[in-house]
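Undergrad: A single structure is presented below for examination.
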Amino acid sequence: MDIEKYIASGIIESYVLGIASSDEAQEVEALAAKHPEIKKEIASVRDALESYALAHQKTLPAHLKKKILNEIDKLDSGKENNRAKVIEMDTRREIGSGSSRWLAAASIALLVLSGTMNLLQFNKLNDANQKIAALESEKSVLANEFNTLKANYTQQENDLAILSNPLNKTIIMKGVEKQPDALASIYWNAETKEVFLAVNNLPKPPADKQYQLWAIVNGKPVDMGVFDVIDSLQRMSEVEAPQAFAVTLEKKGGSAAPTLEQMYLLGNI
Amino acid sequence: MNNLPRHEDTLVASLKAKDKTAISNIYDYYSPVLFGVILKIVKSEQSAEDVLQDAFVKIWKSAEMYDASKGRLFTWLINIARNTAIDHIRSKDFKKELRTESNLVYANEDTESFNTDHIGLKEIVEKLKPDNKEIIDLIYFQGYTHVEVAEKLSLPLGTVKSKVRISIRELREIIT
């Protein structure tokens, strides 16, 4: 797999920001274990965000520490009391005699029982709390996944609106000698001059190259912008009265004039 | 980061052993950052104090869930503080209110909350391009997803993703 490309996709940032889906997070962790570059990238993104957090640090009111530590003490005191009670009864065992011995024994038994019950309840509560925490994190994972799906859906809906707009004229661009099976479609709106491009079949360009769309207007090529090989429709520059559309492979970012020997697609209106 | 403990391992071990001095040390080392992060999200000092307390209770209760192999203690603490604060504003329906607030108010608040003891850190935030800062703040401090940022800033989703990357890259360049 292409590690550089993976890092450049922005997934590491999503992972460190905690907005990657659970599948993505697992993938990042698995890859980080195998590839030191990814591990390094994670550390570097994390450092940047930590510094950003540090840049916002603020002095706190002095009384707050005591208040918070007290609160934590209170949380724990329940647990410690249970233990303390059992020990206390142990020392009292020496005092009683006769029938009070029975009473003492019975009450010890009851206290031990109640202490055990408390402990059981406490453990149950702990379990429940952990389950809640697990459910909460599951919920946020699902919410993230839902948002991704929603975004995909919106994208598809937008694409469908363009495809089904009767004012859009469809121009099929077919592969020329260089790549006979290449195919892409243009949706051109004569009223708004908007141009959308769908890549149906084009090989992925090398990393330093990009495809560029041209419109032929009055016999001359007009730059319509560069594009990537992706599934969704891409908005290109607007054009009035094109006679044809063509695609060439150019250096990344595009060229001022088309390199004709690198022509991949051509479609007349 | 000169005031952060060098020996996180020891701190983690004593926190997991439910040693109270661990939580006290964590408070001393990290609470100004955690408080700053929380304040950035909840906006009011009073709420931030409450949220900080909740966050520390969570840190204490879920210490055994911290997994050092998945990241540093500092990151874990910041995440607990962020999530507690984000839960707080969401539960109180503050979110809607915040989103409609003008960003000017937000920006003004920023300049007050710097701790100028830490030379260089103030510059980090000032050097960051405003666009990039806004994107990092929305995601990092307010828990927005990519999709929500795209909606809020009316940008294509792909653009948001690449902007997040560019923003963090810029942040990295400033700090190194």
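The values are calculated or read from the model by the stated rules, or taken from the named source; none is laboratory data. All of these numbers come straight from a predicted model, not from anything done at the bench. So basically every Cβ, Gly included, is an ideal-geometry build from the backbone, and we count neighbours across all protein chains shown.
Undergrad: Could you look through the stretch B:21-60, keep only residues that are more than 14 Å from the chain's Cα centre (by Cα) and at the interface with chain A (Cβ under 7 Å from one of its Cβ atoms), and pick out the one that is surrounded by the fewest Cβ atoms within 10 Å (Cβ to Cβ)?
TA: Residue satisfying both the conditions and the ranking: B:S24.
Undergrad: Does the stretch A:162-171 contain any residue that is at pLDDT 85 or above, more than 30 Å from A:L249 (Cα to Cα) and exposed (fewer than 13 other Cβ atoms within 10 Å of the Cβ)?
TA: There is at least one residue in the stretch A:162-171 that is at pLDDT 85 or above, more than 30 Å from A:L249 (Cα to Cα) and exposed (fewer than 13 other Cβ atoms within 10 Å of the Cβ).
Undergrad: Right, something else. Sort through A:K209, A:K178 and tell me the only one that's in contact with a strand residue (DSSP E or B) (Cβ under 9 Å, 6 or more places away or on another chain), over 29 Å from A:A8 (Cα atoms) and charged (D, E, K, R).
TA: A:K178 is the lone residue from the list that is in contact with a strand residue (DSSP E or B) (Cβ under 9 Å, 6 or more places away or on another chain), over 29 Å from A:A8 (Cα atoms) and charged (D, E, K, R).
Undergrad: Okay, moving on. Could you run through the stretch A:12-31 and say how many residues are assigned to a helix (DSSP H, G or I), within 9 Å of chain B (Cβ to nearest Cβ) and more than 19 Å from B:S69 (Cβ to Cβ)?
TA: Total satisfying the criteria: 3.
Undergrad: OK, next. For the stretch A:198-220, state whether one or more residues are in the same structural domain as A:A256 (by TED's automatic domain parsing), modelled with pLDDT under 90 and surrounded by 12 or more Cβ atoms within 10 Å (Cβ to Cβ).
TA: no
Undergrad: If I filter the stretch A:36-45 for residues that are facing chain B (nearest Cβ under 7 Å) and in contact with a helix residue (DSSP H, G or I) (Cβ under 8 Å, 6 or more places away or on another chain), do I get at least one hit?
TA: Yes.
Undergrad: Shifting gears a bit: Out of B:L98, B:L77, B:L104, B:L121, I need the residue that is modelled with pLDDT of 85 or more and over 30 Å from A:D228 (Cβ atoms). Which one?
TA: Selected residue: B:L77, the only one of B:L98, B:L77, B:L104, B:L121 that is modelled with pLDDT of 85 or more and over 30 Å from A:D228 (Cβ atoms).
Undergrad: I would also like to ask the following. Which members of the stretch A:49-67 meet the condition of being in a helix (DSSP H, G or I), aliphatic (A, V, I, L, M) and over 18 Å from B:L73 (Cβ atoms)?
TA: A:L64
Undergrad: I'd like the full set of residues that are in contact (Cβ under 8 Å) with a residue 24 or more places away in the chain, farther than 30 Å from B:E134 by Cβ and not aromatic (F, W, Y), limited to the stretch B:31-71.
TA: Correct list: B:A63, B:E64, B:A68.
Undergrad: Right, another one. Examine the stretch A:132-155 for a residue that is in a helix (DSSP H, G or I) and in contact with a Phe, Trp or Tyr (Cβ under 8 Å, 6 or more places away or on another chain), and state whether such a residue exists.
TA: For the stretch A:132-155, residues in a helix (DSSP H, G or I) and in contact with a Phe, Trp or Tyr (Cβ under 8 Å, 6 or more places away or on another chain): absent.
Undergrad: For the stretch B:61-70, enumerate the residues that are more than 7 Å from chain A (Cβ to nearest Cβ) and in a loop (DSSP other than H, G, I, E, B).
TA: Those that are more than 7 Å from chain A (Cβ to nearest Cβ) and in a loop (DSSP other than H, G, I, E, B): B:Y66, B:D67.
Undergrad: Another question about this same structure. Any residue in the stretch A:158-169 that's of a type in the set (A, V, I, L, M): show its pairings with residues that are surrounded by 13 or more Cβ atoms within 10 Å (Cβ to Cβ) at Cβ separation under 6 Å, as long as the two are six or more apart or on different chains.
TA: A:I162/A:Y187; A:I162/A:F196; A:I162/A:L233; A:L167/A:N189
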